[in-house]
Amino acid sequence: MAALTLPSFVRAETPRVLSDKEFYTKGSWIAWAGPWSTDVKGSAALQHGVDYADEIAVQPETFPANAEFSWHWPLTPPKHTGVYGYDALSFGTYDGGVPETAVPHRQVKAIEALSEAFRFTMPRSIGDFNVLTEFFLAKEPSGEGKVAEIGFFLRAAKSAIPFADAGEQLGTFTDATGRPWKVGKQPAPAGPYYMFIPPGSVLEGTVDFKGALDFLRAKGRLTGDEWFTGLAFGIEPIAGSGSVRVESLSVTYR
């Protein structure tokens, strides 16, 4: 079987192309393509470069802006999980990653502002995927002892919506711009998984994480003693091929 070749993209500057599981950091940001489910129904484990491919092309001068995700996976979803992995640009210490420049860890009750501004495009894809921005909360200031996961689905796959709907429904979170997000809770290995689903894809805007945390505290789902260490913005491949270009991405945190 011939090796897979991802499409090339024309740039004003030559991008640095990160291959599968290659670590890249600049400032408080990290890029990491992380497949963690490489089996499909009725098949042997998938081989990187033959059966699937993950790449992140970064522009060092503007990183994390102008980064591009590209992927190619089977048209069959993974065998045991809903997604093949998470290819992400992360801010601070997300899921154990250590950036070049540290970001202070804070308890939820001590966070004054936490938001993310973004703009991305997604050319026509074959298959399905999520565009997801999320973070974990932990029991310890180091980030150890995860107690909750909070995710905003900026582009929800067909399978994500019924999965969220099947969980406990916590109502609607309306952010500062007036956009409603339906909130569902599902069990997950890192504690409750709070899923925020908008009415449709959101290609540009601001995610009000601070408001979401206040919403969950008001619902009695968080105490405020949990620790925030970092967040991520990325794609979860489910089936097929595609690409997402992150035109701008920034975080306000204090």
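Annotations for the structure displayed:
- Breaking point among (1) in contact with a Gly (Cβ under 8 Å, 6 or more places away or on another chain); (2) farther than 30 Å from Val98 by Cβ, for Lys158: (1)
- Only residues that are outside any loop (DSSP other than H, G, I, E, B), buried (at least 18 other Cβ atoms within 10 Å of the Cβ) and out of contact with any Asp or Glu (no Cβ under 6 Å at 6 or more places or on another chain) were counted in the range 183-201, giving 6.
- Considering residues of the range 103-141 that are farther than 20 Å from Lys210 by Cα and small (Gly, Ala, Ser) only, the residue surrounded by the most Cβ atoms within 10 Å (Cβ to Cβ): Gly127
- Each residue in the range 212-246 was checked for being under 16 Å from the mean Cα position of the chain (by Cα), of a type in the set (A, V, I, L, M, F, W, C), at pLDDT 95 or above and farther than 17 Å from Arg106 by Cα, and 4 pass.
- Condition check for Gly220: in a loop (DSSP other than H, G, I, E, B) and free of Cβ contacts under 8 Å to residues at least 24 places away in the same chain: yes
- Screening the candidates Ala102, Ala117, Ala88, Ala113 for the property of being closer than 11 Å to Thr229 by Cβ and aliphatic (A, V, I, L, M) yields one hit, Ala102.
- Considering Asp214, Asp225, Asp175, the condition of being without any contact (Cβ under 8 Å) to a residue 24 or more places away in the chain, surrounded by fewer than 22 Cβ atoms within 10 Å (Cβ to Cβ) and of a type in the set (D, E, K, R) is satisfied by Asp214 alone.
- Residues of the range 168-216 that are of a type in the set (S, T, N, Q) and under 16 Å from Ala156 (Cβ atoms): Gln169, Thr172, Gln186, Ser201.
- Test: residue in the range 202-209 that is buried (at least 17 other Cβ atoms within 10 Å of the Cβ), under 18 Å from Thr93 (Cβ atoms), in contact (Cβ under 8 Å) with a residue 24 or more places away in the chain and under 16 Å from the mean Cα position of the chain (by Cα): yes
- Looking at the range 1-114, the strands (runs of 3 or more DSSP E) lying wholly inside it that each contain 2 or more residues that are of a type in the set (Gly, Ala, Ser) and either under 21 Å from Asn130 (Cα atoms) or modelled with pLDDT of 80 or more (or both) sit at 29-35, 53-58, 67-72, 85-92.
- Filter result (over 24 Å from Phe215 (Cβ atoms) and surrounded by fewer than 22 Cβ atoms within 10 Å (Cβ to Cβ)) within the range 87-102: Gly96, Gly97, Val98, Pro99, Glu100, Thr101, Ala102
- Annotation: of all residues in the range 144-170 being part of a loop (DSSP other than H, G, I, E, B) and touching a strand residue (DSSP E or B) at 6+ places or on another chain (Cβ under 7 Å), the one that is farthest from Val183 (Cα to Cα) is Glu144.
- Check on Phe153, aromatic (Phe, Trp, Tyr), in contact with a Lys or Arg (Cβ under 8 Å, 6 or more places away or on another chain), crowded, with 16+ Cβ neighbours inside 10 Å and farther than 16 Å from Phe91 by Cβ: no
The values are calculated or read from the model by the stated rules, or taken from the named source; none is laboratory data. None of the values given here were measured: they were computed from a predicted structure. No Cβ is skipped: glycine too gets one built from the backbone with ideal geometry, and neighbour counts run over all protein chains shown.
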